[in-house]
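Written below as structure tokens is the structure these notes are about.
The values are calculated or read from the model by the stated rules, or taken from the named source; none is laboratory data. Computed from a prediction, not measured in an experiment: that's the story for all the values here. All Cβ positions, even for glycine, are placed from backbone atoms using ideal geometry, and neighbour counts span all protein chains on display.
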């Protein structure tokens with residue numbers, strides 16, 4: 001469903017508050033209070049975006065995110081009451097697109113929902129003026145078709161992961177700083193303590209089956225950034 005938002009949170013008051021603000025912005029909202037209900041909802045009709053609480057009674061939000069990413073690419077925003085960087089990195093590494101720390105401003109959450117939906121829609125409907133592609137050392141990525149393969153094996157990338165890999169390929173041969181990569185892909189101001197880029201790079205390497213210590217494609221230049229040679 002194009003404007004259906006799935007809110008998964010066992011705290012009914014929070015779920016209802018989020019529902020109220022999202023409905024005011026014209027979204028249809030379906031609530032689930034545990035992971036089982038969430039998976040049943042997705043099986044009936046996949047949402048445009050899901051908001052997942054990290055602490056659920058029957059399964060962690062991280063595990064639920066992993067399950068969803070096995071078959072679906074719609075945006076996922078994690079809701080967490082914990083502020084530790086490790087929790088945020090875990091969610092992003094498992095395929096989440098963003099995270100919001102509780103307590104949150106409902107207006108900010110609604111804005112983040114709309115930002116993720118715009119990015120996802122652009123990813124799926126953009127029609128470039130000309131076909132652009134890179135094909136080297138077994139890695140193929142095409143901007144026009146949004147297709148990416150590695151040694152003829154399809155890579156199932158989220159819109160953010162595709163944009164990161166595309167930007168690195170476009171800048172092949174030079175080092176791209178985390179700041180440049182974040183501002184180019186997310187379109188927002190980079191903060192020094194932002195671990196988002198690192199988390200998504202780790203997820204990309206995992207999907208590309210890259211060895212953590214000696215990756216063949218996305219290489220880390222310590223203290224500078226990332227490069228594809």
Which members of the stretch 199-219 meet the condition of being surrounded by 15 or more Cβ atoms within 10 Å (Cβ to Cβ), in contact with a helix residue (DSSP H, G or I) (Cβ under 8 Å, 6 or more places away or on another chain) and outside any loop (DSSP other than H, G, I, E, B)?
199, 200, 201, 202, 203, 204, 207, 218
Anything in the stretch 199-208 that is at pLDDT below 90 and in contact with a strand residue (DSSP E or B) (Cβ under 9 Å, 6 or more places away or on another chain)? List them, or say none.
none
Could you say whether any residue in the stretch 152-175 is in contact with a helix residue (DSSP H, G or I) (Cβ under 9 Å, 6 or more places away or on another chain), in contact (Cβ under 8 Å) with a residue 24 or more places away in the chain, more than 27 Å from residue 72 (Cβ to Cβ) and surrounded by 18 or more Cβ atoms within 10 Å (Cβ to Cβ)?
no
Test residue 185 against the stated conditions and say whether it is in the same structural domain as residue 205 (by TED's automatic domain parsing) and touching a residue at least 40 places away in the same chain (Cβ under 8 Å).
no
If you scan the stretch 1-25, which residues turn out to be surrounded by 21 or more Cβ atoms within 10 Å (Cβ to Cβ) and in contact (Cβ under 8 Å) with a residue 60 or more places away in the chain?
5, 9, 18, 22
If you check residue 32 against the conditions, is it in contact (Cβ under 8 Å) with a residue 12 or more places away in the chain and within 22 Å of the chain's Cα centre (by Cα)?
yes
List the number of the failed condition for residue 104; all other conditions in (1) in a loop (DSSP other than H, G, I, E, B); (2) farther than 21 Å from residue 195 by Cα; (3) touching a residue at least 12 places away in the same chain (Cβ under 8 Å) hold.
(2)
